[in-house]
1. Please arrange C:K333, B:K57 by how many other C-beta atoms lie within 10 Å of their C-beta, fewest to most.
2. Would you mind checking A:K135/C:K396; A:K135/B:K57; C:K59/C:K242 for any pair whose Cα atoms are more than 18 angstrom apart?
3. Counting only complete DSSP H runs, which helices of chain C cover 30 Å or more along their long axis at the Cα atoms and score a mean Kyte-Doolittle of -0.5 or above?
4. Please return the longest stretch of chain A lacking exposed loop sites, where GluC sites (Glu not before Pro) count only if DSSP places them in a loop and at most 15 other Cβ atoms lie within 10 Å.
5. Per-residue ellipticity at 222 nm for chain A, helices alone: DSSP H runs ≥ 4 residues times -39500 (n - 2.57), over residue total, nearest 500 deg cm²/dmol?
6. Choose one of A:G126, C:L170, A:G49: the residue whose Cα lies farthest towards the positive end of the charge dipole of the protein assembly as shown (beta-carbon charges +1 Lys, Arg; -1 Asp, Glu; about the Cα centre).
7. Sort A:S106, C:S360, A:S39, C:S380 so that the residue with the fewest other Cβ atoms within 10 Å of its own Cβ comes first and the one with the most comes last.
8. What is the set of long-range amide H partners of B:V5 at a cut-off below 5 Å, with H atoms built 1.01 Å from backbone N?
Amino acid sequence: MTPLIFFIFAGIAVFCGINLVAQRHPIASALSLVGVMGSLAILYLQLGGEFIAAAQVIVYAGAIMVLFVFVIMLLNAGAEGAAPRVSGIVRYLGLILLAAFLGLISFVIQSMLPRTEGVVFGAFQGGTALEIGRKLFTVYLLPFEVTSVLILIAIVGAIVLARKEI
Amino acid sequence: MQNTVPVSWYLILSAILFGLGVAGFIFRRNIITVFMSIELMLNAVNLSFIAFSYTLKQVDGHIFSFFVMVVAAAEAAVGLAIILTVFKNRDTLMIDEVSSMKY
Amino acid sequence: MNFLIISLIKAALIAFVLLTALAYLQWIERKVIAHIQLRVGPYRVGPHGLLQPLADVVKLITKEGVIPSHVNRLFYIMAPWLAVTLALISIAVIPFGPEITVGGVTTWMQLTDLRIGVLFVLAVSSIGVYGVALGGWASNNKYSLLGGLRSSAQMISYELPLALAVAAPLLLANTLSFREMVQYQSGYWLGFIPRWNAIPEILGFIVFLIAGFAETNRVPFDLPEAENELVAGFHTEYSSMKFAAFFMAEYANMVTVTAVATLLFLGGWTPLFPEPYSDFVPIIVFALGGLIAIYHGLNPARRKDKFTLPAAGLVFLGLAALFGVSLFVPVLKAILMALFWFCGKIGILLFIFIWVRGTSPRFRYDQLMRFAWTMLFPLSMVNLLITGLIVALTTK
């Protein structure tokens with residue numbers, strides 16, 4: 001069951017990623033990015049990160065991407081024009097080099113981690129809200145407070161930039 | 001077929017998504033699409049963090065991923081405000097045309 | 001394998017009951033609003049308009065679905081599908097009752113219990129914004145676009161007080177799953193006051209309900225979809241089944257919000273009085289309803305009511321007899337009592353939703369946004385802070 005779910009959602013993630021880069025209209029790219037985030041949330045669930053999966057959907061796909069979709073609708077962004085023409089040789093060479101690069105990275109990664117170590121759904125029980133809360137408020141308390149100041153800075157910056165008078 | 005997936009496959013998926021994000025960042029000309037490619041790169045890094053956290057059986061990777069999400073939210077808010085201001089002043093969203101400070 | 005079959009049966013049962021309930025929720029709304037406005041509502045199609053939802057479904061299915069030529073096809077078709085799918089998914093984690101044993105099979109009256117059930121419902125409602133935003137944008141029409149943008153801005157603005165109001169009972173109960181939340185609220189203070197979260201968290205309960213009104217686009221927050229503003233807002237260009245899908249999504253969202261409010265604040269299926277006395281409440285309620293219906297049927301105001309009102313009275317008396325019989329059959333008693341209290345509380349909250357629709361004017365858009373950011377958000381923050389302070393001072 002685990003490999004099936006991994007392949008389905010990894011396939012959806014890669015397909016939506018390619019769609020993000022290849023689509024002309026920004027709205028189609030934005031919705032492809034939402035698709036990537038949704039399938040990544042399922043993969044986080046498989047790896048035992050249930051709280052992070054829920055946070056990904058609530059914060060990333062449900063708030064940040066809605067902001068992107070708003071801005072695209074407000075600015076009435078249209079489809080891009082055609083990209084400048086690339087010669088055939090460069091295109092084929094690029095694809096071959098891309099495949100070689102991906103092969104090299106896969107080889108390096110697989111030699112780093114032993115193949116016998118498989119992901120079993122339910123093997124890692126430490127991703128609950130309890131564990132994350134415990135670590136967040138004791139070991140990582142300083143970064144937590146600093147990020148709250150960061151969010152305050154971002155709020156002030158966004159309000160100042162979006163005011164009516166320039 | 002065995003009932004497990006090697007962890008390295010999650011990292012390879014993260015590498016593929018990161019590469020796609022870099023490709024979008026370099027080749028696209030609409031500023032909003034460039035920004036979304038940055039978000040795709042951040043998501044790939046999040047997947048990498050969670051996969052490593054599974055390997056080491058510690059929860060610190062989840063916490064890093066949480067902080068990455070918070071920083072991405074703050075960056076998206078301010079970045080989109082900047083894009084709105086640029087659009088208000090230059091009336092265009094193509095990054096090739098916002099080039100008045102070039103030589 | 002056994003687990004799979006039980007889950008399939010539960011899923012089919014919940015889906016069937018939910019879809020029927022959504023259709024009849026619309027009948028109830030029309031009747032209640034009509035009686036508030038001193039008229040009768042649907043009356044002719046079947047006794048007291050009971051077959052009206054069926055007639056509406058047949059009309060909406062057989063109506064010609066027009067897709068205008070100027071819309072963006074993919075998103076135009078995707079938006080109502082997304083809205084309906086997400087609205088129906090969140091029922092999966094709502095528990096309707098305690099653990100029951102039917103024919104040798106022990107199971108909870110819930111489709112699945114996630115350890116992060118509350119976050120799941122919040123996540124689904126966050127993604128539900130896309131259905132509205134895409135519907136408004138895909139219609140390629142300035143009124144729909146404005147309606148869609150306003151509606152999605154309203155929904156994400158009110159998600160913040162909603163989530164903060166939800167966080168306070170989570171602090172008290174120390175769990176994210178709905179099942180354990182209801183178990184935390186069982187038991188009685190002083191022997192007769194139920195341990196519902198609404199009693200210490202009354203501010204949070206009110207904030208949650210107000211934010212729930214805004215999340216589901218109901219009056220007084222329904223500016224983006226009202227018919228005399230913006231030409232019906234984001235569903236202007238939709239007809240027949242896609243329009244019915246948006247409608248169904250709105251009612252399903254209402255049911256979800258009231259179910260979550262019941263589970264988090266009103267104790268789920270726990271009764272109002274302690275156990276031996278509260279068993280008679282359904283019997284008394286239904287018997288009273290039946291007697292009133294029969295009394296009014298004896299000298300009715302309209303000639304048709306001479307048959308329909310006594311028939312309704314007999315149905316109510318039959319239900320009272322069913323509850324009475326179930327006192328002696330433990331399996332039936334557990335199911336029926338839990339369902340009575342849970343659906344009773346949801347029914348009261350839905351009646352409040354419909355009541356407010358019949359009596360309140362609507363907010364203007366800037367008043368709505370100002371209310372969310374300057375009044376509800378600080379209120380829910382203060383509620384969370386006070387709850388946190390009390391929990392920190394009284395544990396260990």
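We did not get these values from a lab; they are worked out from the coordinates using the rules stated. Just so we're clear, the structure is a prediction, and the values are computed from it rather than from any experiment. Counting neighbours? That spans all protein chains shown, and the Cβs are built from the backbone with ideal geometry, glycine included.
1. With the fewest neighbours first, C:K333, B:K57 line up as B:K57, C:K333.
2. Flagged as over cut-off: A:K135/C:K396.
3. Helix filter hits for chain C: C:2-36, C:117-138, C:142-173, C:240-265, C:305-326, C:330-359.
4. Looking at chain A, A:1-116 is the longest stretch - no exposed GluC sites (Glu not before Pro) with at most 15 other Cβ atoms within 10 Å.
5. Estimated from H runs of four or more residues: -23000 deg cm²/dmol.
6. C:L170
7. In order of increasing Cβ crowding within 10 Å: C:S360, A:S106, A:S39, C:S380.
8. The answer is A:V119.
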